[in-house]
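For reference, the structure discussed in these notes is given below.
Computed from the coordinates by the stated procedures, all read-outs in this text should not be read as laboratory data. Keep in mind that this is a model prediction, so the values were computed, not measured.
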Amino acid sequence: MSGGAIEAALAVEREVAAPAPRRAGIRLGSAQALDQLAPLVGLAGLLALWFAGGLVLESVPAYAAFAGFAPGPALASFWDLIASGEAWRAAAPSLARIGQGLAVAFLLGAPLGLLVGSAPLAERILQPPFQLLRMISPLAWMPVAVLAFPSWDGAIVFLIAAAAIWPILFATAAGVKRVDPVWLAMARNLGAGRLAALRAVIVPAVLQDILTGLRLALGVAWIVLVPAEYLGVTSGLGYAINDARDTLSYDRLAALVLLIGLLGYALDSLLGRLAARARWIPAT
């Protein structure tokens with residue numbers, strides 16, 4: 001075969017083989033784009049359901065009084081909440097109570113979780129009462145909270161802490177049980193005592209579990225917040241919801257519900273990112 005024929009054959013072969021990598025690259029790019037757009041698709045589906053529900057409310061005379069829940073009035077009211085600053089005035093007290101309740105739950109739940117996870121005898125003693133208390137609805141403690149605390153804020157923080165402590169405690173305990181015994185043996189061989197091993201090995205190793213428990217606790221506390229703020233306070237998202245309901249301002253009520261969802265989603269995303277970055281691998 002002549003040199004020209006060989007070059008022509010090689011050129012044809014290159015032309016036939018070239019599209020395969022391009023097609024693979026196109027498929028990979030499409031998969032990545034779809035993965036990035038997936039959350040937006042889910043939110044678009046939720047928005048479509050909301051619009052469909054709004055059309056039902058507007059078209060059925062029996063539901064005409066609730067037309068404020070439709071997207072149009074609700075979004076207009078939501079913009080008014082943001083522009084007037086009312087959204088922040090309603091959210092700030094609630095965020096403060098959530099922060100205080102989660103702080104109390106963390107300061108109690110994390111050490112107890114470390115104890116339960118690292119001491120089998122303590123686990124056998126504490127597991128039954130903890131599981132019993134965990135199954136009691138936090139809102140069932142409302143009468144006790146009102147009697148035990150001199151202020152409404154104190155009662156609400158107690159209810160939030162009572163809801164949030166269990167995810168933190170049990171997630172921490174589960175994380176301690178998964179700590180590699182080799183790491184602890186190495187720490188002991190290097191002369192570390194219990195407190196030093198706790199500080200240098202156990203706490204860094206279970207930090208991701210603690211943050212995951214805190215994230216779950218936030219979800220529970222955020223649900224408890226609104227009914228807890230129905231107690232005698234005159235501020236917060238729960239109070240604003242109750243006030244909008246009493247005044248039949250359904251567009252404002254829907255806007256407040258949207259605000260609660262967005263704030264909760266933002267806080268959950270923040271804790272999720274922190275938990276994802278907290279994975280610990282010991283230096284070797």
Phi-based couplings in Hz for region 113-120 (Karplus 6.51, -1.76, 1.60; Gly and Pro marked x): x, 4, 5, 5, x, 9, 10, x
Rounded Å value of the spacing that divides the Cα centres of region 134-159 and region 236-270: 22
Compactness of region 200-284, expressed as Rg and Dmax over alpha-carbon positions, Å: 18.0, 64
Residue-wise HN-Hα coupling along region 250-262, computed from phi with Karplus coefficients 6.51, -1.76, 1.60 (Hz; x: Gly, Pro): 6, 5, 5, 4, 5, 5, 5, 4, 4, 4, 4, x, 5
Histogram of C-alpha separations across region 126-284, 5 Å bin width, %: 1, 8, 13, 14, 15, 14, 11, 8, 6, 4, 3, 1, 1, 0
For region 84-100, Karplus couplings with θ = phi - 60° (6.51, -1.76, 1.60), whole Hz, Gly/Pro x: 7, x, 5, 4, 5, 5, 7, 7, 4, x, 5, 5, 5, 5, 4, x, 5
